[in-house]
Structure formats: structure tokens, C-alpha cells
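Below is one structure; the comments refer to it alone.
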Amino acid sequence: MDSSTAHSPVFLVFPPEITASEYESTELSATTFSTQSPLQKLFATKMKILGTIQILFGIMTFSFGVIFLFTLLKPYPRFPFIFLSGYPFWGSVLFINSGAFLIAVKRKTTETLIILSRIMNFLSALGAIAGISLLTFGFILDQNYICGYSHQNSQCKAVTVLFLGILITLMTFSIIELFISLPFSILGCHSEDCDCEQCC
């Protein structure tokens, strides 16, 4: 190996330097816009809790309907109006189904479940409105239901208070159910917000 080849210069070719300003100009930026109102986000994060409340209200409404089964005793010739309307039974079915669909949407989000949940909550809201109307009419019609047929004034006052207390409780359940069902039936829920991993 002679000295001429041992000491020959070596030329290296480097790529041109990329400055920070050139890199930033070619970088794409994306901005996400939130299309949801704060109310929608609040309801989306509390879906499982509100669904559970709907199911509990449905079970308790059904239980009060069962209690009304035992009111056909002497001297009362008929059932209370709210029992005759059937509201404690068909109303409880609507409440339980709408709550079950909310929990199902929270656990596994599909477009079909979201649509079914909105339909069930809309029907539940209509049922709650009908229940409020029926309970109001029941208050007017049955306010003297027990004492009007009873000849024993010693017990009719206490039983009337209990009867009116059940009607007031059913009215409270119906109003709360309306406030839960109506926003879900109108606002709905986007699939990304109903995901269980994002909304705890």
C-alpha cells in the first residue's frame, strides 16, 4: 500500500440541513371542535347511574301497583282510579326498559342501541307525562275515596293519609323520570361519549 493512496482525502456528502422553521411549515395541524353542550356531556358521563335510577323507580312503581291490588275490600266497592288506569304496571315497564337500554348503551355502544335507547326514553317520557296527568286526575277523583265509603271514622283518616302518600310518591317518581328520559330522547348520545372506557 503506497503513500499516495494512504493519504488521499475522503469527501463525505451530507444531506442539506433542515431548519426548524421549514419543518414547522410543512407540519399539518388538526383542530377538534366539540359539538356537544355541557348538558349532553353531563348526561353521557352519568348514564349508568341514571339508568339504575330509572330501573329502581320502575320496580317501586310496580310495587305500589301490587299494593293497590289489596284495596278492594269492604266497604270499598272499586279499586282506586290510578290502579284502574294500569299506570303502575305499564309505566313501570317503560321505566325499567329505558333504564336497561341506557345501561346497555353505556356498556356496549352501537348505533342500533343508541337509536333504541332514544326511542325507549321518548316513550318513557310520554308515559311519565301521561302518568302525571292520570295521578292529578286520581287526586281529584279519589281524595275522599276511603273516608267516603267507610263508616269507621277512626281508621279512615290514617289510611287516607297513607293512600295519598303513595299517590304523591308515584307523582314524584313520574316527574323525576320525565326529567331523566326527556333529555336522552331529545339530545341523545354520541357513540364516542357512550363508550364505557371514556365515560366512567
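The values are calculated or read from the model by the stated rules, or taken from the named source; none is laboratory data. What you see is a predicted model, and the numbers here were worked out from it, not measured in a lab. No Cβ is skipped: glycine too gets one built from the backbone with ideal geometry, and neighbour counts run over all protein chains shown. Accessible surface is based on the protein model in full, side chains and every heavy atom, while ligands, DNA and RNA are left aside. Shrake-Rupley method; radii C 1.70, N 1.55, O 1.52, S 1.80 Å.
Details
- Candidate set from the range 165-178 (those that are of a type outside the set (A, V, I, L, M, F, W, C) and surrounded by fewer than 19 Cβ atoms within 10 Å (Cβ to Cβ)); member that is nearest to the chain's Cα centre (by Cα): Thr172
- Within the range 76-107, the set of residues being open to solvent by 60 Å² or more (accessible area, probe 1.4 Å), at pLDDT below 85 and more than 15 Å from the chain's Cα centre (by Cα) comprises Pro77, Arg78.
- Yes/no for Ser181 being open to solvent by less than 40 Å² (accessible area, probe 1.4 Å) and either modelled with pLDDT of 85 or more or within 17 Å of Ile82 (Cα to Cα) (or both): yes
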